Amino acid sequence: MIDSSRQNKTAWEFNAYDFWVEQAGRPEERAKRILQNPAAHLGKYAPYFDGFQGKRIANICGSCGKKAVPLAVMGAEVSVFDISGDNARYANEMAQAAGVPLDYQVCDVLEIDMEKYGGCFDTVFMEGGVLHYFHDLPVFMQKMHDLLKNGGKMICSDFHPLTKVMDVLNFQRPTMSYFSADTLEAEMPHAKFYDEEKRKTFPKCNLRLYTVSEIINAVIGAGFTVTQFDEHPAWTNADLPGEFTVMARK
């Protein structure tokens, strides 16, 4: 059996720090921009939160801290859970430059220390392509449910399942039947920013893509009450859905 967690960790620790520096500037430069207008760096996600000051927020697969640091600047107590040490390095340097604390845990999300973190968050937040790294969605959603306080909210934003059958976000990866449960190997998201020879050296990720019903049913099955489901236009074509956000309460 493929150890998808180990495979994805290898991929996300390949060149990641250097990529963030090349694409978004050094951590201190990015921190300076965030401090000027932290809410703007949350983009369309800002209205989904029930405030920020003093809120405990778990940022799942929080990558380089691009959302976690703005949340911390706005007064939230943020814990990031991500498998990449390279991402953690960039995020921690950015948080330090912004003058805010950041609890960054480098771990497999399914192995979060629940004795320490179970039932302690007001909000669990994820965005930008997270679900496809987890091959057992009900188990993943149960973990999200268990991280929250009673009455807490999950904000789960991800790539729209239409991307299974159409490359609407220009990921340059194979499409498949909408109802396929097969996994696939795919390039790192940022591999396409490099020339062909460099792209050949990038490790592959192992992904499982889901349908809308699989996502919603996993949320419900974990014990959540779904309160809102939004679809967002693709950044490549405003006539097609590219992302979605589901909100649910414990």
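The table below lists the values:
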item: Residue within the range 204-222 that is over 17 Å from the mean Cα position of the chain (by Cα) and of a type in the set (F, W, Y) present; result: no
item: Residue within the range 53-61 that is surrounded by fewer than 24 Cβ atoms within 10 Å (Cβ to Cβ) and closer than 17 Å to M188 by Cβ present; result: yes
item: Considering residues of the range 5-56 that are assigned to a helix (DSSP H, G or I), touching a Ser or Thr at 6+ places or on another chain (Cβ under 8 Å) and within 23 Å of I112 (Cα to Cα) only, the residue modelled with the highest pLDDT; result: A16
item: Of residues in the range 109-134 being in contact with a Ser or Thr (Cβ under 8 Å, 6 or more places away or on another chain) and modelled with pLDDT under 95, the one farthest from L42 (Cα to Cα); result: Y133
item: Members of the range 84-108 that are β-branched (V, I, T) and surrounded by fewer than 22 Cβ atoms within 10 Å (Cβ to Cβ); result: V106
item: Test for A88: is it modelled with pLDDT of 95 or more, over 26 Å from T211 (Cα atoms) and within 14 Å of the chain's Cα centre (by Cα); result: yes
item: Any chance A40 is surrounded by fewer than 23 Cβ atoms within 10 Å (Cβ to Cβ), over 16 Å from the mean Cα position of the chain (by Cα), among the aliphatic types (A, V, I, L, M) and closer than 30 Å to A191 by Cβ; result: yes
item: Test: residue in the range 154-177 that is farther than 16 Å from G242 by Cβ, buried (at least 18 other Cβ atoms within 10 Å of the Cβ) and either at pLDDT 95 or above or out of contact with any helix residue (DSSP H, G or I) (no Cβ under 6 Å at 6 or more places or on another chain) (or both); result: yes
item: Search result, residues across the range 193-213 that are loosely packed, with under 14 Cβ neighbours inside 10 Å and not acidic (D, E); result: F193, K198, K200, T201, S213
item: Close pairs (9 angstrom Cβ cut-off, 6 or more residues apart or separate chains): outside any helix (DSSP H, G or I) in the range 214-227, small (G, A, S) anywhere; result: A222/A248; F224/A248; T225/A248; V226/A248; T227/A248
item: Residue within the range 68-81 that is of a type in the set (D, E, K, R) and either over 25 Å from N37 (Cβ atoms) or surrounded by 21 or more Cβ atoms within 10 Å (Cβ to Cβ) (or both) present; result: no
item: Residue list for the range 149-192, filter: assigned to a helix (DSSP H, G or I) and in contact with a Lys or Arg (Cβ under 9 Å, 6 or more places away or on another chain); result: T163, A191, K192
item: Pairs where the first residue, in the range 30-49, is more than 22 Å from N92 (Cβ to Cβ) and the second is at pLDDT below 95 and outside any helix (DSSP H, G or I), C-beta under 6 Å, 6+ apart; result: none
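The values are calculated or read from the model by the stated rules, or taken from the named source; none is laboratory data. Just so it is clear, the model here is predicted, and its values are computed rather than measured. Ideal geometry is used to build each Cβ from the backbone, glycine not excepted, and the neighbour counts take in all protein chains shown.
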